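Right, one structure below, let's go through it.
The values are calculated or read from the model by the stated rules, or taken from the named source; none is laboratory data. In this text the structure is predicted, and so the values were computed from the model without any measurement. Neighbour counts are summed over all protein chains in view; Cβ atoms, including those assigned to glycine, are modelled from backbone coordinates with ideal geometry.
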């Protein structure tokens, strides 16, 4: 058992500030003098945790879809501070059916994984090299403009989810540090999550206590009766149905977790459309992935954002190149790519190819089968299978050697017939082009692209 280890203060200056602001004798919490606006409710995790136990948990939880390991532990730590239960509150054996205990007008939006630690206002969690004695982690520059939380690599972080911990509980320490990011200093109440020393392995800090709740309510106000509330969600394909109360009839918007790592933390947002105040039905864009949904009403106020509720949206894999390209008259051969999404509902996928002979015509074509057969001066990588291959309109390679074609979802072969593309389909695409300047057959092909289409 590890006793009374210190949690690294977010900054020595901030500790002094907390002391200067003072602690009311009737309370234990202290405040840092700021709050996070709705534009600063996002958080992301760079999973660069390298310890032997930091990513042991490889099992998803239904209330935290799509993520495991250190990312899942920090996600749980964050939603513990939200206004009410996260979904049904499950996911932490230390506090069964009780994740989400803040009771304030504060709710965070999980925006999946980061690809770098970001800057001081990036709202990210990540590991940092080195040690600092008995100090485990720190929150840099917490302010109304954002924050960054770092965890020392020399600590034996344990991602749980159980309560028998090897080393230090990542979820418990993350809950403490996230409290600083929200505007809380340290508490004088032993056992509170914001108490400056960690008891045991830190598991107890996963669950915020009464003094922590009083602190977050002092910053953001007690949960308002006008605040939108989600109390249920269902997902069919990318059709999301949210039930609850307080949804603005005309101006409500839905926030989703981003599907891919990276970004700057902005939620994937869609208009809810007219609502009766208790029911929202929307199509989630393909840029949204498994995570949380929140409802935001128009005012820029703490009580305009709902609690986070888990939604397990399907992830559509990125188009994957395969096969080979072949040298042409201008270089090493054309490469195929894409822009836009693979969502049928979005209908914005465009095919691209580069490194071709300018001014020459070509066609993108597609089919159901992967093959590798010599053809002209290149390799044909798309086969007909049992239904055939399908040509798209003729295009001309531009002076830079590039060419593109936006799929036309209103006309054959994409809209109808044996080549019709539907959600759930997987098709192979390739570009064929004239190349009279090359010695050989006078035509060639790019490499190929496997595309799985989503709703």
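If a residue must be over 28 Å from residue 155 (Cα atoms), out of contact with any strand residue (DSSP E or B) (no Cβ under 8 Å at 6 or more places or on another chain) and touching a residue at least 24 places away in the same chain (Cβ under 8 Å), how many such residues does region 37-52 contain?
Here the count works out to 1.
Any idea which of 91, 100, 122 is within 17 Å of residue 310 (Cβ to Cβ), assigned to a loop (DSSP other than H, G, I, E, B), in contact with a strand residue (DSSP E or B) (Cβ under 6 Å, 6 or more places away or on another chain) and at pLDDT 95 or above?
91
Can residue 141 be described as surrounded by fewer than 20 Cβ atoms within 10 Å (Cβ to Cβ), out of contact with any helix residue (DSSP H, G or I) (no Cβ under 6 Å at 6 or more places or on another chain), part of a loop (DSSP other than H, G, I, E, B) and in the same structural domain as residue 93 (by TED's automatic domain parsing)?
For residue 141, the condition - surrounded by fewer than 20 Cβ atoms within 10 Å (Cβ to Cβ), out of contact with any helix residue (DSSP H, G or I) (no Cβ under 6 Å at 6 or more places or on another chain), part of a loop (DSSP other than H, G, I, E, B) and in the same structural domain as residue 93 (by TED's automatic domain parsing) - is not met.
Read through the list (1) modelled with pLDDT of 95 or more; (2) within 30 Å of residue 443 (Cβ to Cβ), then give the number of the only condition that residue 319 fails.
Residue 319 satisfies all of (1) modelled with pLDDT of 95 or more; (2) within 30 Å of residue 443 (Cβ to Cβ) except (1).
Report, by residue number, each residue of region 259-283 that is more than 24 Å from residue 124 (Cβ to Cβ) and either touching a strand residue (DSSP E or B) at 6+ places or on another chain (Cβ under 8 Å) or surrounded by 17 or more Cβ atoms within 10 Å (Cβ to Cβ) (or both).
Within region 259-283, 270, 271, 272, 273, 275, 277, 278, 279, 280, 281, 282, 283 meet the criteria.
With respect to residue 362, determine if the residue is in contact with a strand residue (DSSP E or B) (Cβ under 9 Å, 6 or more places away or on another chain), part of a loop (DSSP other than H, G, I, E, B) and modelled with pLDDT of 95 or more.
No: the conditions fail for residue 362.
State the number of residues belonging to region 299-313 that are touching a strand residue (DSSP E or B) at 6+ places or on another chain (Cβ under 7 Å), outside any strand (DSSP E or B) and surrounded by 19 or more Cβ atoms within 10 Å (Cβ to Cβ).
Total meeting the criteria: 5.
Please go through (1) touching a residue at least 40 places away in the same chain (Cβ under 8 Å); (2) within 30 Å of residue 283 (Cβ to Cβ); (3) over 34 Å from the mean Cα position of the chain (by Cα); (4) surrounded by fewer than 17 Cβ atoms within 10 Å (Cβ to Cβ) for residue 409 and return the number of the only condition it doesn't satisfy.
For residue 409, the exception is condition (3).
Considering every residue within region 380-395, establish whether at least one is farther than 27 Å from residue 454 by Cα, in contact (Cβ under 8 Å) with a residue 24 or more places away in the chain, over 31 Å from the mean Cα position of the chain (by Cα) and part of a strand (DSSP E or B). Step through it out loud before you land on a result.
Taking region 380-395 as the starting set, the residues that turn out to be farther than 27 Å from residue 454 by Cα are none.
Looking for residues that are farther than 27 Å from residue 454 by Cα, in contact (Cβ under 8 Å) with a residue 24 or more places away in the chain, over 31 Å from the mean Cα position of the chain (by Cα) and part of a strand (DSSP E or B), one finds none in region 380-395, hence no.
Which residue, of 191, 215, is on the phi > 0 side of the Ramachandran plot, assigned by TED's automatic domain parsing to the domain that holds residue 86 and more than 22 Å from the chain's Cα centre (by Cα)? Quick ask: steps written out before the conclusion?
Details: 215 fails: on the phi > 0 side of the Ramachandran plot.
Of the residues listed, the single one that is on the phi > 0 side of the Ramachandran plot, assigned by TED's automatic domain parsing to the domain that holds residue 86 and more than 22 Å from the chain's Cα centre (by Cα) is 191.
Please verify whether region 209-220 includes one or more residues that are outside any helix (DSSP H, G or I), out of contact with any helix residue (DSSP H, G or I) (no Cβ under 7 Å at 6 or more places or on another chain) and at pLDDT 95 or above.
Yes - at least one qualifying residue is present in region 209-220.
Pick from 88, 119: which is assigned by TED's automatic domain parsing to the domain that holds residue 143, farther than 19 Å from residue 312 by Cα, surrounded by fewer than 18 Cβ atoms within 10 Å (Cβ to Cβ) and in contact (Cβ under 8 Å) with a residue 24 or more places away in the chain?
Going through 88, 119 in turn, the sole match is 119.
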